[in-house]
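Asks: Starting off with a structure, shown below.
No lab work stands behind these numbers, since they all come straight from the coordinates. Quick caveat, the model's predicted, so the values are computed rather than measured.
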Amino acid sequence: MEGCKEAATPISNSCNLELDEKGIVVDNSKYRGIIRSLLYLTASRPDIMFVVCLCARFQANPKESHMKSFKRILKYLRGTTNVGLWYPKGDSLSLIGYSNSDYAGCRPDRKRTSGTCHLLGSALVSWHSKKQACVALSTTEAEYIATGSCYAQIL
C-alpha cells in the first residue's frame, strides 16, 4: 500500500457490498485478522466504524470483492493520518445526541442501519451503528426508530 493513491472517504457512494456467490474466495483467517485490526483502530477512529462493521458481515464467506473494501479503508486511513478524537479542556458540558437511519439500505435483506453519536460539549463520548433486526416500512418509521435508539443510549 506504500505509494498508493489516497481516498477521501472510507467507502464510495456507489459501493454495494453484497453476498458474492460467484466471486473469488479469500482466506477466512486473513479476512478476520484485518477485521480485528480495523476494529481495534475504531477506538480512536470512529469514522471507519460503519464500513468496518459492514465488511464484518461477510466474514463467513469472504470474496475478493469484499477485500477491495478493505483496500479502500486503508487508502482512506493513509490520507487522514492527522484525524482523531480531540477533547479540549474547559469546554461546556452540554450533552448532545445525533441519530441517522438508512431506510432499507442493505440490499440482501432490506434491513436498515441506524447510528447515533453523543457529544459532551464538543467532544465525542459515544457512538453506535447497528443493523436493525426489523424492517421499517417507511423512511419516517426508520428515522423514528433511530431517534428512539439515540435517546435510549443517552439514558
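Asks: Taking a cut-off of 20 Å between Cα atoms, list the lysines near Lys75, but don't count ones fewer than 8 places away on the same chain.
Replies: Once the sequence-local lysines are set aside, what remains near Lys75 is Lys5, Lys30, Lys63.
Asks: While we're here: From the phi angles alone, apply the Karplus equation (6.51, -1.76, 1.60; θ = phi - 60°) to region 50-56 and give each ³J(HN,Hα) in whole Hz, x where the residue is Gly or Pro.
Replies: Running phi through 6.51 cos²θ - 1.76 cosθ + 1.60 with θ = phi - 60° gives 4, 5, 5, 5, 5, 5, 5 Hz.
Asks: Lys71: which aspartates and glutamates have alpha carbons under 13 Å from its alpha carbon, excluding same-chain residues fewer than 8 sequence positions away?
Replies: Straight-distance partners of Lys71: Glu2, Glu6.
Asks: From the P(r) of region 1-84, can you give the percent of Cα pairs sitting at distances over 23 Å?
Replies: Numbers: 617 of 3486 pairs.
Tail fraction, whole percent: 18.
Asks: Give the lysines reachable from Lys89 as a straight Cα distance under 26 Å; neighbours fewer than 8 places away on the same chain don't count.
Replies: Cα-Cα hits under 26 Å: none found.
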